[in-house]
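Notes to accompany the following structure.
The values are calculated or read from the model by the stated rules, or taken from the named source; none is laboratory data. Computed from a prediction, not measured in an experiment: that's the story for all the values here. Virtual Cβ from ideal backbone geometry, glycine too; neighbours counted across all protein chains shown. Ligands, DNA and RNA are stripped out before the accessible areas are found, and what is left, the full protein with its side chains, is counted by its heavy atoms. Shrake-Rupley method; radii C 1.70, N 1.55, O 1.52, S 1.80 Å.
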Amino acid sequence: QVQLAESGGGLVQDGGSLRLSCAASGFTFSTYAMGWFRQAPGKEREFVAAINWSGDTTEYADSVKGRFTISRGNAKNTVYLQMNEVKPEDTAVYYCNADLRLRAATQRVAKYWGQGTQVTVSS
């Protein structure tokens, strides 16, 4: 059974940092691209960041480029999202996903999805 379990969300002040984790099981993690999306209240789910199976290729939304960093630990079956210099507009539920193709991990068509973790940035 495939599972993607996000953790690390919470309340953080404007300008602060937070690290999200997504622990994967039930599939061969090291062969999958992984991504992060977010969804704010009343808005569509949007792409944040993605990383290929080996970790040597990453993609970011313009809104987080230079502030967020995606990384992965294949030995731990975990993908991370380091969030620095957070802003109130980063407030959302953050979801991780998995797909064999990096392009799909940047889109809402990715094969597997987690349940999400809430991030709230206070001003």
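Observations on the model:
- L100-N84 pseudo-label distance in nm [points 7 Å out on the Cα-to-Cβ vector]: 3.6 nm
- Once the 1.4 Å probe is applied to the protein heavy atoms, the range 51-123 comes out at 52 Å² accessible per residue.
- 30 Å Cα-Cα reach of K43 towards lysines, excluding residues that sit fewer than 8 places from it in its own chain: K65, K87, K111
- Note that the range 1-88 shows a convex hull volume over its alpha carbon atoms of 103 Å³ per residue.
- Portion, in percent, of the accessible area of the chain that falls on carbon or sulfur, probe 1.4 Å: 45 percent
- Candidate residues W53, W113: accessible-area rank, largest first, probe 1.4 Å: W53, W113
- Mean Cβ count within 10 Å, highest first, over the residues of peptides 67-74, 95-102: 95-102, 67-74
- Considering only F27, L81, W113, and ranking their Cα positions along the charge dipole of the chain that arises from unit charges at the beta-carbon of Lys, Arg, Asp and Glu, the one farthest toward the positive end is F27.
- Efficiency of FRET from Cβ geometry, D62 and S123, R₀ 22 Å, rounded to 0.05: 0.50
- Here the relative contact order of the chain, from alpha carbon pairs under 8 Å that lie six or more residues apart, stands at 35 percent.
- Nearby aspartates and glutamates by direct alpha-carbon distance to K76 (threshold 16 angstrom, same-chain neighbours under 8 apart not counted): E6
- Span from the the range 72-107 Cα centroid across to the the range 1-58 one, whole angstrom: 2 Å
- When each of the peptides 17-24, 29-36, 58-65, 78-85 is scored by how many other beta carbons lie within 10 Å of its residues on average, the order from highest to lowest is 29-36, 78-85, 17-24, 58-65.
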